[in-house]
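One structure is given below, encoded as structure tokens.
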Amino acid sequence: MRLLGLDAALARASAALWQDGALLAEARQDGARGQPAVLPALADSVLRQGHGRPDAVAVTVGPGGFTGIRAAIALGRGLADGWGVPLLGVTTGEALAEALPPWQREGREVWSVTFAGRGGLVLERRDYPAMMVEEPSLPMPDGPVVLVGDAAPQAAARLRAGGADALLSDARLPAAGVVAALAARHLSAGTGGREAAPLYAEPLALRFPGAA
């Protein structure tokens, strides 16, 4: 099974071809801006390496930057429709968790913490909807956790100050190859995966000073 992975959720744009447990090709460009503009060229770069038409397309659906997420989903949908193949979604937290070495996940819940606008954070946990919080309002975990995401250092420091067992990982930005590999696993398991629709954090959970 061959998949094309696309990601532009955070401060990186990347595209990758994955097949049967191996990364065939990958192209990426880091930067806080410009992901929508560079992602099509990155996808074209990996597709031109001649590995054949993908059997499915996978894309990061968020949480993350509004423009990057929408652009990646639109590109993925256009390619998937043109090829007549499925389009699957993977969340930012799922992709970051998938990239962790097994020893970091063992016995720990994975918390993905990414930056939101106006100084807020987005917390993504398994079995919970993604939610926006201010850093001082970050909930304390019930047990050991491992932190991923671009705001993981700040979150880890906050949790440790409160006495939590919080391990800081090196997983900061999603990678398209991991997105494709995770989506392929869902397909192989027959679960179908997540809908490729933008995932945004619950806005009501965020309380800014002076907000109504």
Here the residues within the range 112-136 that are in a strand (DSSP E or B), under 14 Å from Pro63 (Cα atoms) and charged (D, E, K, R) are Glu124, Arg125
By residue number, the members of the range 76-103 that are in a helix (DSSP H, G or I), surrounded by fewer than 21 Cβ atoms within 10 Å (Cβ to Cβ) and aliphatic (A, V, I, L, M) are Leu79, Ala80
Residue set Pro36, Pro63; condition of a type outside the set (Gly, Ala, Ser), farther than 22 Å from Arg126 by Cα and in contact with a helix residue (DSSP H, G or I) (Cβ under 6 Å, 6 or more places away or on another chain); output residue Pro36
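When you check Trp111 against the structure, is it in contact with a Pro (Cβ under 8 Å, 6 or more places away or on another chain) and without any contact (Cβ under 8 Å) to a residue 60 or more places away in the chain, yes or no? I'd like the intermediate steps shown before the answer.
Numbers: in contact with a Pro (Cβ under 8 Å, 6 or more places away or on another chain): yes; without any contact (Cβ under 8 Å) to a residue 60 or more places away in the chain: yes.
Criteria met by Trp111.
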Note to self: If I filter the range 61-82 for residues that are of a type outside the set (Lys, Arg) and on the phi > 0 side of the Ramachandran plot, do I get at least one hit?
What the structure shows: yes
Does Val179 satisfy being under 19 Å from Thr114 (Cβ atoms), modelled with pLDDT of 95 or more, touching a helix residue (DSSP H, G or I) at 6+ places or on another chain (Cβ under 7 Å) and not in a strand (DSSP E or B)?
yes
Residue check for Arg158: of a type in the set (D, E, K, R), outside the structural domain of Arg70 (by TED's automatic domain parsing) and farther than 18 Å from Ala11 by Cβ:
yes
Apart from one, (1) assigned by TED's automatic domain parsing to the domain that holds Arg28; (2) closer than 26 Å to Val38 by Cβ all hold for Val122; the odd one out is (1)
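Regarding the range 10-28, can at least one residue be identified that is in a loop (DSSP other than H, G, I, E, B) and either buried (at least 21 other Cβ atoms within 10 Å of the Cβ) or of a type in the set (A, V, I, L, M) (or both)? Steps first, answer last, please.
Of the range 10-28, the ones in a loop (DSSP other than H, G, I, E, B) are 10-11, 20-21.
Keeping just the survivors that are either buried (at least 21 other Cβ atoms within 10 Å of the Cβ) or of a type in the set (A, V, I, L, M) (or both) gives 10-11.
So far as the range 10-28 goes, yes, one or more of its residues are in a loop (DSSP other than H, G, I, E, B) and either buried (at least 21 other Cβ atoms within 10 Å of the Cβ) or of a type in the set (A, V, I, L, M) (or both).
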Quiz item: If you check Trp111 against the conditions, is it surrounded by 22 or more Cβ atoms within 10 Å (Cβ to Cβ) and closer than 26 Å to Leu138 by Cα?
Solution: yes
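Taking into account only those residues within the range 50-76 that are of a type in the set (Gly, Ala, Ser) and touching a strand residue (DSSP E or B) at 6+ places or on another chain (Cβ under 8 Å), which is nearest to Leu10 (Cα to Cα)?
Of the residues in the range 50-76, the ones of a type in the set (Gly, Ala, Ser) are 50, 52, 56, 58, 62, 64-65, 68, 71-72, 74, 76.
From what is left, the residues that are touching a strand residue (DSSP E or B) at 6+ places or on another chain (Cβ under 8 Å) are 52, 56, 58, 64, 68, 72, 76.
Numbers: Gly52: 28, Ala56: 23, Ala58: 16, Gly64: 5, Gly68: 7, Ala72: 11, Gly76: 17 Å.
That would be Gly64.
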* Asked: Has the range 137-159 got at least one residue that is modelled with pLDDT under 95 and part of a helix (DSSP H, G or I)?
  -> yes
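The values are calculated or read from the model by the stated rules, or taken from the named source; none is laboratory data. Note that the coordinates shown come from a computational prediction; the quantities given were computed from them, not determined experimentally. Quick reminder, even Gly has a Cβ in these numbers, built from the backbone with ideal geometry, and neighbours come from all protein chains shown.
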